[in-house]
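Below is one structure, written out as structure tokens; comments come after it.
The values are calculated or read from the model by the stated rules, or taken from the named source; none is laboratory data. The structure displayed is predicted, hence computed values, not measured ones. Glycine also receives a Cβ, built like all others from the backbone with ideal geometry; neighbour counts cover every protein chain displayed. Side chains are part of the model used for accessible areas, which takes the heavy atoms of the whole protein and leaves out ligands, DNA and RNA. Shrake-Rupley method; radii C 1.70, N 1.55, O 1.52, S 1.80 Å.
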Amino acid sequence: MPNDFLDQCRVRLGEQYVLTDPADTAPFLLDWRKRFQGTALAVLRPGSAGEVADVVALCAAHGVAIVPQGGNTGLCGGATPDTSGGQVVLSLQRLNRIRNVDTINDTITVEAGCILQVIQAEAAAAGRLFPLSLAAEGSCTIGGNLSTNAGGTGVLRYGNARELCLGLEVVTPQGELWDGLRGLRKNNTGYDLRDLYIGAEGTLGIITAAVLKLYPAPAAQLTALAGLATPRDALALLDLARRMAGPLLTGFELMSDFCLALVGKHYPHMRYPFAERQPQTVLLELSDSESESHAREIFERLMEAAFEQGIVRDAVVAESGAQSQALWDLREHIPLAQADEGKNIKHDVSVPISRIADFIEATDAALADAFPGLRMVTFGHLGDGNLHYNVSPPEGTDYDAFLVNQASINRLVHDSVHAHDGSISAEHGLGQLKREEIVRYKSPLEIRLMQAIKQALDPQGIMNPGKVV
């Protein structure tokens, strides 16, 4: 059966796009964090939605399970095959065309394998903004972004990937091609099939193209850092910024002092921005459709009020695009610096914005009591309630010995998230990393409804098995 199946795939795709040599398949079998390694019958690389449909139909006929994969930048093992050797990885990287840019409708139609940064550049060339932005934007693909409902730094103003998508093209588990590429803001004609596939991590079908929202490019963007004493002060600054800047506020990122200390340690050319150490730092960005002077005027009024109320201790404002990028680089290098420091335990969590300070205080205290000396790397998108609440071991600790405690640390953190009415996955998805863990926090009814949807759309169970549900 395998040889017959692969021969049929070669006929449809071409010999060079059916990879079976271990040297060719290796990059597709290991996840970005190097935590999950699988094997595969083959890596299939179709070049069109029609070819995707054809090979999925072949997989359905032969009972071969499929693991869809985009840029392979996921953090939960959602795009990595198991170790059975019986699954195929279906790479969407060759589906990388920009199909259409419509500046009147403010939409861009792209294929699933388009690199996020390429979409941003294409929008900018048309005088528009595609606001989805995250650290992996130079290598992640829009199909993966939609399949995990990616978030990033612009969610405060523009929403997650789900809010930025108007329509999809999807291959079903039976190999049928659904064309839902409608650039409509209003379409109230029954169940929203689009929303079923967004965030489903390839377990219900394969996204091959999407219609995405564009926005007018801002006339000016102003980036600044504010030094504060506590996360509670950061929430007070957020409340003030929302009232004074309104929709101009497009970024609001929290970084603890230890985060910036790690960046300075591993990237010494990145200068610490304040004259004195600040326990917490917030990165703010204002995007103005009028002018830079207008944005700067609003920011100056905001900072004046924040200083008067004792919320902010120090502030730095970027005076150029290069300085703005330097401030963002501090934020974006935190996960890189933590990786350079050594193995760590990551948590991508969300809680209601009003409870973030309570969550940090309670969880920090519980971890310090249970595992003295842990170093907390807490940063993230405070404006939308998403924290990357990461844990590094005490300095000098053997990292492998530290990771023995991972299950216990995860349980403590996730129980605290749940107690604060939050979610154990904010923007990275479940994949295989959190597939079992989620059962502890979702109600039995939620799990049954998810399983019913999976069974209805993928009765053979061939779409990314072992992930999500």
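Annotations
- Residue check, residue 337 farther than 19 Å from residue 252 by Cβ, of a type in the set (Gly, Ala, Ser) and open to solvent by less than 40 Å² (accessible area, probe 1.4 Å): yes
- Filter pass, residue 46 being modelled with pLDDT of 95 or more, part of a strand (DSSP E or B) and surrounded by 18 or more Cβ atoms within 10 Å (Cβ to Cβ): no
- If the condition is being among the polar types (S, T, N, Q) and under 16 Å from residue 62 (Cα atoms), then segment 1-40 contributes 3, 8.
- Segment 211-251, subset touching a strand residue (DSSP E or B) at 6+ places or on another chain (Cβ under 9 Å) and of a type in the set (D, E, K, R), residue farthest from residue 378 (Cα to Cα): 213
- Residues (part of a strand (DSSP E or B), more than 15 Å from residue 314 (Cα to Cα), within 25 Å of the chain's Cα centre (by Cα) and among the hydrophobic types (A, V, I, L, M, F, W, C)) located in segment 218-253: 222, 249, 252
- Only residues that are open to solvent by less than 10 Å² (accessible area, probe 1.4 Å) and either touching a His at 6+ places or on another chain (Cβ under 6 Å) or more than 14 Å from residue 149 (Cα to Cα) (or both) were counted in segment 168-186, giving 4.
- Just so you know, in segment 394-424 the residues that are in contact with a Ser or Thr (Cβ under 8 Å, 6 or more places away or on another chain) and not hydrophobic (A, V, I, L, M, F, W, C) include one that is surrounded by the fewest Cβ atoms within 10 Å (Cβ to Cβ), and it is 423.
- None of 345, 356 is over 21 Å from residue 251 (Cβ atoms) and within 22 Å of the chain's Cα centre (by Cα) except 345.
- So residue 175, is it within 29 Å of residue 249 (Cα to Cα) and either in a loop (DSSP other than H, G, I, E, B) or over 24 Å from the mean Cα position of the chain (by Cα) (or both): no
- Taking (1) under 15 Å from residue 93 (Cβ atoms); (2) at pLDDT 95 or above; (3) among the aromatic types (Phe, Trp, Tyr) in turn, residue 32 satisfies each apart from (2).
- Annotation: residue 391 fulfils all but one of (1) of a type in the set (Val, Ile, Thr); (2) assigned to a loop (DSSP other than H, G, I, E, B); (3) open to solvent by less than 20 Å² (accessible area, probe 1.4 Å); the unmet one is (2).
- Filter result (surrounded by fewer than 21 Cβ atoms within 10 Å (Cβ to Cβ) and in a helix (DSSP H, G or I)) within segment 59-89: 60, 61, 62
- Among residues of segment 91-144, those that are surrounded by fewer than 16 Cβ atoms within 10 Å (Cβ to Cβ) and part of a helix (DSSP H, G or I), counted: 4
- Evaluation of residue 189 against (1) open to solvent by less than 60 Å² (accessible area, probe 1.4 Å); (2) farther than 28 Å from residue 384 by Cα; (3) of a type outside the set (Gly, Ala, Ser) (one fails), failing number: (1)
- Close contacts from segment 383-408, counting a first residue that is at positive phi and a second that is in a loop (DSSP other than H, G, I, E, B), with Cβ to Cβ under 9 Å and a gap of 6+ residues or different chains, come to 385/351; 385/352; 385/422; 385/426.
- The sole residue among 215, 197 that is under 30 Å from residue 286 (Cα atoms) and at pLDDT 95 or above is 215.
- Residues of segment 256-314 satisfying the condition of being modelled with pLDDT of 95 or more, surrounded by fewer than 22 Cβ atoms within 10 Å (Cβ to Cβ) and hydroxyl-bearing (Ser, Thr, Tyr): 256, 267
- Close contacts from segment 38-66, counting a first residue that is free of Cβ contacts under 8 Å to residues at least 40 places away in the same chain and a second that is open to solvent by 30 Å² or more (accessible area, probe 1.4 Å) and of a type in the set (D, E, K, R), with Cβ to Cβ under 7 Å and a gap of 6+ residues or different chains, come to 51/12.
- Residue check, residue 438 in contact with a His (Cβ under 9 Å, 6 or more places away or on another chain) and either among the aliphatic types (A, V, I, L, M) or open to solvent by 10 Å² or more (accessible area, probe 1.4 Å) (or both): no
- Yes/no for residue 365 being within 28 Å of residue 82 (Cα to Cα), open to solvent by 50 Å² or more (accessible area, probe 1.4 Å) and of a type in the set (A, V, I, L, M): no
- Close pairs (7 angstrom Cβ cut-off, 6 or more residues apart or separate chains): within 18 Å of residue 210 (Cβ to Cβ) in segment 126-139, in a loop (DSSP other than H, G, I, E, B) and aliphatic (A, V, I, L, M) anywhere: 128/214; 128/217; 129/214; 129/217; 130/214; 132/150; 134/150
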